[in-house]
Amino acid sequence: MKKLGNYVMGRWIEGDGDGTPLYNAVNGDTVALATAKGLDIAAILQYGRTTGGAKLRKMTFQQRGMMLKKLALYLTKRKEQFYPVSYQTGATRADSWIDIEGGFGNLFANASLRKNFPNQPFHVDGDPVDLSRGGQFMASFASPLC
């Protein structure tokens, strides 16, 4: 029986134990086993905060948007692989189309939002705020990406 892996900390890791069976909703057959047992959740969170988060915070709005667009294009080219898996959940092709291609469409839509922002990793939100008499001490609010 196929045991699903977990992609964490930049690599595939298999959880401990037998795993929980995932069933085909049409005929009841076990499709795969899944488990996160034995994964070091604290280490995974730390990796996300320090390694992944640090890289994302350095990226500009344009770079993040293009990353989403590349992901959407990659998945769209492989969309037919998702339909048989979705069918095993009991979904028809029309039901699956909404989930699969609609999900890819959301990625494209989010990627296109980059056009509304500057090519930098932050966005100054609103006008400067005068914090002193005569404008010698001012502030603005930056909206970071992460």
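The values are calculated or read from the model by the stated rules, or taken from the named source; none is laboratory data. Because the structure is predicted, anything quoted here is derived from the model rather than measured. Here Cβ is always computed from backbone atoms with ideal geometry, including for glycine, and neighbour counts include all displayed protein chains.
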Original post:
Are any of the residues in region 59-79 within 29 Å of Gly19 (Cβ to Cβ), under 16 Å from the mean Cα position of the chain (by Cα) and of a type in the set (A, V, I, L, M)?
Top reply: yes
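Collect the residues in region 8-29 that are in a strand (DSSP E or B) and loosely packed, with under 12 Cβ neighbours inside 10 Å, keeping them in residue-number order.
Passing the criteria: Arg11, Trp12.
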Subject >> Candidate set: region 27-81, residues that are among the β-branched types (Val, Ile, Thr) and either in contact (Cβ under 8 Å) with a residue 40 or more places away in the chain or assigned by TED's automatic domain parsing to the domain that holds Ala109 (or both); chosen: the one farthest from Tyr7 (Cα to Cα) >> reply: Thr60
**OP:** List every residue pair whose Cβ atoms sit under 6 Å apart, with the two residues 6 or more apart in sequence or on different chains, where the first one lies in region 93-122 and is over 30 Å from Tyr83 (Cβ atoms) and the second, anywhere, is surrounded by fewer than 12 Cβ atoms within 10 Å (Cβ to Cβ).
**Re:** Phe122/Ala142; Phe122/Pro144
Subject >> Search result, residues across region 51-68 that are over 15 Å from His123 (Cβ atoms) and modelled with pLDDT of 95 or more >> reply: Met66, Met67, Leu68
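Within region 18-29, does at least one residue satisfy the condition of being closer than 29 Å to Ala111 by Cβ, modelled with pLDDT under 95 and in contact with a Ser or Thr (Cβ under 6 Å, 6 or more places away or on another chain)?
Applying the first criterion (closer than 29 Å to Ala111 by Cβ) to region 18-29 yields none.
No, region 18-29 contains no residue that is closer than 29 Å to Ala111 by Cβ, modelled with pLDDT under 95 and in contact with a Ser or Thr (Cβ under 6 Å, 6 or more places away or on another chain).
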